[in-house]
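Take a look at the structure set out below.
What follows is calculated from the coordinates using simple rules that are stated; it is not laboratory data. All of these numbers come straight from a predicted model, not from anything done at the bench. Note: ideal-geometry Cβ built from the backbone for every residue, glycine included; neighbour counts use all protein chains shown.
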Amino acid sequence: MHGFVGPIDRLTKDNDAFRRVLFGATQMDLMLFSLRRKDSLGVGDGSARDQFLRIVTGKGRMTIGATSFRVRAKDAILIPAGMGFALHNIGRKRLRFHALQAHGGAARATPDGGRAGTERARQDMISEGGPADLSTP
């Protein structure tokens, strides 16, 4: 497996997909997100995985547990495993951010239902020099 090196801010700014897996590794995924005005992302009862988010463009309201924060470009957010969270776009433009999500070593589901699709997407990304899009339509 190869690693990932790329212009993450530009890739995030250019992303219009709600969720796009940029790179999948054995223990962690790098994903891009783009929330339209009034869109939200979150897990009410908490994710079983630690997550790191970095806002690239836009304004939002981040709720972790019972605490809410206003977030904007260049803000970093760390969500511990087990904490419920929600991120709401409160701006007029898209809220774009990238995220790292740990796996804990478990195999992930992919659109074709297996790790083979993830590996094919990785190889496509490496051979074409661009990100792998594993998002569902």
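Numbers for the structure displayed
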| quantity | calculated |
| --- | --- |
| Listed peptides 4-13, 48-57 by packing density, highest first (mean Cβ within 10 Å) | 48-57, 4-13 |
| Length gained when the stretch residue 69-residue 16 is fully extended (0.36 nm per residue, less Cα-Cα span) | 16.6 nm |
| Difference of contour (0.36 nm per residue) and Cα-Cα distance, residue 76 to residue 2 | 24.0 nm |
| Added length on full extension, which subtracts the Cα-Cα distance from 0.36 nm per residue, residue 25 to residue 90 | 20.2 nm |
